[in-house]
Structure formats: structure tokens, C-alpha cells
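The values are calculated or read from the model by the stated rules, or taken from the named source; none is laboratory data. Small disclaimer: the values here were computed from a predicted structure and weren't measured. Glycine also receives a Cβ, built like all others from the backbone with ideal geometry; neighbour counts cover every protein chain displayed. With ligands, DNA and RNA removed, areas are computed over all heavy atoms of the protein, side chains included. Shrake-Rupley method; radii C 1.70, N 1.55, O 1.52, S 1.80 Å.
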Amino acid sequence: MPDIKPQVYKDPRPAEYFTRFHERSRTHDPDWVYDLARIIVTPPSLLLYRARAIGAENVPRAGPVILAPNHFSQWDHFFAGVFLPRKVRFMAKSQLFSNRVIEFIFRHGGAFPIRRGHHDEEAFKTAYTILERGGCLLMYPEGGRSRTGGLGEPRPGVGRIALESGVPVVPVAIHGSLGVRRWRKLRFPKVTIQFGEPMRFEVVPSPSRERQLEIAAQIFERVQEMYAALDEKGRRGVVKALREGIESRTEHQVPAGQAR
């Protein structure tokens, strides 16, 4: 397991410091900075990391939706968004808003902060506003990057937003991005991004923490299933299994006029 920087779990800066980022995220969509970032990250994603997507058509082309991927690398934001025609909004830990250049990129590129170590209701308000505006929101069920080399445990945040908003949630398995941390050794992994079928949940205005965790676990269970299949069968094996499953369901369908 490669060394990575220690986690900083609590941002000492006051909540007011991040107000301007939330205000912009609630009123503006990502602009040219997002488009430029996509142009920059697409070639290395496709050529160095040999990234390919499975099931990108499962993400609605319009309307509110939540993407819920596992998280190993800081490139996961790009891997999840590079194959989608729409612009993806990111909930990022506040510690990443560390200097003026990065803050400019995040502010104009669609990211907004969540203050880890604090009960940050402003981040949730921003998330709901983005969804109300028909946006595509990416949120990691694990709450942060896995530090163990394996998938982590889901946290309640994604369950809360799924329940309170009622918008569809697309589970996403990002396989291979753990190796992105080794790029300095010129070892580039093959990355596969699989988008699952959307999951929907009945709206609950004020769900309990237990219910939030339950829904988060359901979402992440599907992520784990897709990740395990990619680990076992590989990219081609998963595509083949999906194709065979579709053909099998089609063969067993009875034409409407022949129904008894």
C-alpha cells in the first residue's frame, strides 16, 4: 500500500470563510473552467489510465441525479465525469480549498466545500439547491478516500440526501483507481467506471440516522457488487455478462399480442 498524506479531519477555518463558495454554487452552473478541465484530463484518462465506461447511458441526460461512487483517488472525480455529457457537481472536503488558484478552479468548476469534522448544514443546503436546479451531484458514500486498499464503509450523508430529495441515485464502481497513487513510478493502472441502474427511494422529510445509514448501505452494496464483478471478471467479462443478461431477458419477453 503506497504512502499517502495523513488525514486532516477538522478544518479550523470558520464557516463564514466558505460562504462565497456556497453562494456561487447555488446560483451558477460550472462555466468554461469545467470545460477546460475536461479537455485537460480526458487524454491522460483515456491514454495513460486506459479508462473506459460501462453503462454511462444509465445516467439521465437531464434532470436531478446523484452519482454515488467508491473513492480511492483524487482522480475519481474526473473518471466519473469524463464519460458523461453533462457537468457533474462535486461535494469536496474543505481542506482542498487551500489556495487562490485551487479555489478559483473549484468555484468555477462546480465544486463546493463540506467542512469535515463539523456538522455542516450549508453543504447539504447547497446540494439540495443544485438538485432543485436539475443538477448532477457526485457524492462519495464512504465520505472520503479509502485508506486501506479496500472499499470502506458507507456513511449516512448520501442516504440522507437520497431520502430527503427523492431524486434517482446512480451507483458507480470505479475499479483500478487505487493504482493512480503510483503514477510517480510510471505505473498506470487500467481504470473501469461502471454506472449502475438508477435507484429510487420514497421521500422522507426528516429521516432518522438509522434510516439514512440503511439507504446508504443499500446504495453502496450495489457499488460493492459491481466492483467485485470487475475485480473477478475484468472489464470484458462484465460487459459480456451484461450483454448476455440483456439478451436472456429479451428472449423471455412475451409479445403483448400473445399474452395469455
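Laid out as a table, the results:
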item: Some residue of region 161-169 being open to solvent by 10 Å² or more (accessible area, probe 1.4 Å), assigned to a helix (DSSP H, G or I) and of a type in the set (Ser, Thr, Tyr); result: yes
item: Residues within region 137-153 that are more than 16 Å from residue 76 (Cβ to Cβ) and buried (at least 22 other Cβ atoms within 10 Å of the Cβ), tallied; result: 0
item: Any chance residue 107 is surrounded by fewer than 23 Cβ atoms within 10 Å (Cβ to Cβ) and in contact with a His (Cβ under 6 Å, 6 or more places away or on another chain); result: no
item: Residue selected from region 77-96 under the condition touching a residue at least 24 places away in the same chain (Cβ under 8 Å) and part of a strand (DSSP E or B), by the criterion most open to solvent (accessible area, probe 1.4 Å); result: 93
item: Hits in region 43-62 - residues which are more than 17 Å from the chain's Cα centre (by Cα) and part of a helix (DSSP H, G or I); result: 43, 44, 46, 47, 48
item: Neighbours by Cβ (under 7 Å, 6+ apart or cross-chain): first from region 33-54, under 19 Å from residue 110 (Cβ atoms); second among the small types (Gly, Ala, Ser); result: 33/109; 34/109; 34/110; 37/109; 45/51
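Conditions tested, residue by residue: (1) farther than 21 Å from residue 143 by Cβ; (2) of a type outside the set (A, V, I, L, M); (3) at pLDDT below 95.
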residue: 199; (1), (2), (3): no, no, no
residue: 205; (1), (2), (3): yes, yes, yes
residue: 212; (1), (2), (3): no, yes, no
residue: 215; (1), (2), (3): no, no, no
residue: 218; (1), (2), (3): no, yes, no
residue: 221; (1), (2), (3): no, yes, no
residue: 225; (1), (2), (3): no, yes, no
residue: 233; (1), (2), (3): yes, yes, yes
residue: 236; (1), (2), (3): yes, yes, yes
